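Notes to accompany the following structure.
The values are calculated or read from the model by the stated rules, or taken from the named source; none is laboratory data. These numbers come from a predicted model, not from an experiment. Here the Cβ positions follow ideal geometry from the backbone for every residue, glycine too, while neighbour counts run over all protein chains shown. With ligands, DNA and RNA removed, areas are computed over all heavy atoms of the protein, side chains included. Shrake-Rupley method; radii C 1.70, N 1.55, O 1.52, S 1.80 Å.
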Amino acid sequence: MSMRNAVEALFGIIPVLDQIKQSIEQTTGAIPRASIQLNNVTQATEMATVEILNVLDRMTGRIEVAEGAIQRLRQGPANTAESLEAISQALADTRQDSMNIAMALQVQDITSQQIAGVSHMIETVRSQLLEALGQLEPGQRSPAGPSPGEATAFDGNASFTGSTERQENADAIIKQWNKADNE
Amino acid sequence: MGATKFLVVDDSLTMRRIVVNTLKTLGFSAIVEAADGKDAMTKLMSEGADFLITDWNMPEMNGLELTKWVRGNEEFAELPILMVTTRGNKEDVIDAMKMRVNNYIVKPFTAQGLKEKIDAILKSSNGKPA
């Protein structure tokens with residue numbers, strides 16, 4: 001190869017290397033975002049788990065109250081009304097608590113959307129890296145393959161929080177909307 | 001009130017179970033489920049409903065597209081629609097209102113929150129779209 005050919009080949013490689021550099025920079029930027037998102041999943045599951053454990057603690061306390069009331073009923077007719085009221089209250093509170101546990105399980109839907117977001121991010125990174133590799137070895141590029149997140153619809157910003165702020169904001173917008181609509 | 005027939009649309013089985021169980025606790029027993037917008041269209045046409053509770057992010061047809069279809073359909077145009085979604089941005093709420101949902105709940109919601117929204121829609125003027 002002549003010196004001239006070698007220089008031309010080098011000039012041809014430079015844009016390819018530039019594109020590869022850009023791809024690597026873009027994909028590197030996605031990694032911290034994926035890490036933050038996975039951290040959100042951990043936080044959400046922990047928050048929901050603690051919430052459920054707190055409810056279970058309260059339920060255990062109520063079962064003890066009901067058991068005490070049943071014990072008093074077995075001992076004799078004294079304080080029957082009071083004991084029945086205690087049992088009735090414990091049952092009503094337990095029903096409410098079981099609802100609270102069900103509500104905390106919404107974490108499953110929310111974290112599955114967060115994980116789908118991470119999965120999508122990883123798939124994007126994989127595609128970009130394959131693209132970069134394909135530029136180095138045009139004939140050797142592996143097929144992209146099916147994306148695991150293709151059939152999933154998700155909200156990448158889904159979050160599990162005990163705060164009512166987002167609902168209050170939505171309510172305020174709806175209120176304004178309806179007011180404007182009625183005027 | 002208990003005779004109201006609900007169509008609950010969500011691609012998450014967990015969420016459908018949570019919403020359906022909450023509705024049953026609130027005294028509603030007529031409930032149909034659908035896994036996405038297309039499934040909901042089929043169920044609406046075959047079984048009908050008095051009240052639609054729908055998620056936003058779903059495969060095949062999302063909740064916003066479903067709402068658009070419902071509002072454009074003469075038979076179901078006045079159907080009360082409650083959007084239940086993780087999307088809580090201002091733009092999302094506005095987009096949903098533009099599609100004329102009746103109300104909007106951001107996940108995670110409480111049983112009381114769901115009850116209040118349903119009551120408000122049912123008590124409003126014939127549940128007409130906003």
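Sort through B:M41, B:M15, B:M61, B:M45 and tell me the only one that's at the interface with another protein chain (Cβ under 10 Å from one of its Cβ atoms), among the hydrophobic types (A, V, I, L, M, F, W, C) and open to solvent by 10 Å² or more (accessible area, probe 1.4 Å).
Exactly one residue qualifies, and that residue is B:M61.
For B:L114, work out the one condition from (1) touching a residue at least 60 places away in the same chain (Cβ under 8 Å); (2) closer than 22 Å to A:T161 by Cα; (3) open to solvent by 20 Å² or more (accessible area, probe 1.4 Å) it doesn't fulfil.
The single condition B:L114 does not satisfy is (3).
Kindly evaluate A:A66 against the criterion of being without any contact (Cβ under 8 Å) to a residue 40 or more places away in the chain, in a helix (DSSP H, G or I) and open to solvent by less than 70 Å² (accessible area, probe 1.4 Å).
Answer is yes for this residue.
I need the full set of residues from the range B:64-79 which are within 14 Å of chain A (Cβ to nearest Cβ) and not hydrophobic (A, V, I, L, M, F, W, C), in order please.
So the first thing to find is which residues in the range B:64-79 are within 14 Å of chain A (Cβ to nearest Cβ), and the list is B:64-66.
Across the range B:64-79, the qualifying residue is only B:E65.
So if I check each of A:Q108, A:Q113, which one is without any contact (Cβ under 8 Å) to a residue 60 or more places away in the chain, open to solvent by less than 20 Å² (accessible area, probe 1.4 Å) and either aromatic (F, W, Y) or part of a helix (DSSP H, G or I) (or both)?
Within the list A:Q108, A:Q113, the selection yields A:Q113.
What is the residue count in the range A:126-158 for residues that are within 14 Å of chain B (Cβ to nearest Cβ), at pLDDT 80 or above and open to solvent by less than 80 Å² (accessible area, probe 1.4 Å)?
Selection size over the range A:126-158: 5.
Return the total of residues in the range A:14-38 being open to solvent by less than 80 Å² (accessible area, probe 1.4 Å) and under 19 Å from A:V107 (Cβ atoms).
The number of residues fulfilling the criteria is 1.
Out of B:V93, B:V84, B:V101, B:V106, report the one residue that is farther than 30 Å from A:D97 by Cα and in contact with a Ser or Thr (Cβ under 9 Å, 6 or more places away or on another chain).
Of B:V93, B:V84, B:V101, B:V106, the one residue that is farther than 30 Å from A:D97 by Cα and in contact with a Ser or Thr (Cβ under 9 Å, 6 or more places away or on another chain) is B:V101.
Among the numbered conditions (1) among the β-branched types (V, I, T); (2) open to solvent by 70 Å² or more (accessible area, probe 1.4 Å); (3) under 30 Å from A:Q114 (Cα atoms), tell me where A:I101 comes up short.
It is condition (2) that A:I101 fails.
Can we say B:A96 is surrounded by 15 or more Cβ atoms within 10 Å (Cβ to Cβ) and either touching a Gly at 6+ places or on another chain (Cβ under 6 Å) or more than 7 Å from chain A (Cβ to nearest Cβ) (or both)?
yes
Restricting to the range B:18-38, count the residues that are open to solvent by less than 30 Å² (accessible area, probe 1.4 Å) and more than 13 Å from chain A (Cβ to nearest Cβ). Step through it out loud before you land on a result.
Going through the range B:18-38, the residues open to solvent by less than 30 Å² (accessible area, probe 1.4 Å) turn out to be B:18-20, B:22-23, B:28, B:32, B:34, B:36-37.
Right, trim to more than 13 Å from chain A (Cβ to nearest Cβ) and you get B:28, B:32, B:34.
The total comes to 3.
Any residue at all in the range A:91-98 that's part of a helix (DSSP H, G or I), among the small types (G, A, S) and either open to solvent by 50 Å² or more (accessible area, probe 1.4 Å) or out of contact with any Lys or Arg (no Cβ under 7 Å at 6 or more places or on another chain) (or both)?
Taking every residue of the range A:91-98 in turn, at least one turns out to be part of a helix (DSSP H, G or I), among the small types (G, A, S) and either open to solvent by 50 Å² or more (accessible area, probe 1.4 Å) or out of contact with any Lys or Arg (no Cβ under 7 Å at 6 or more places or on another chain) (or both).
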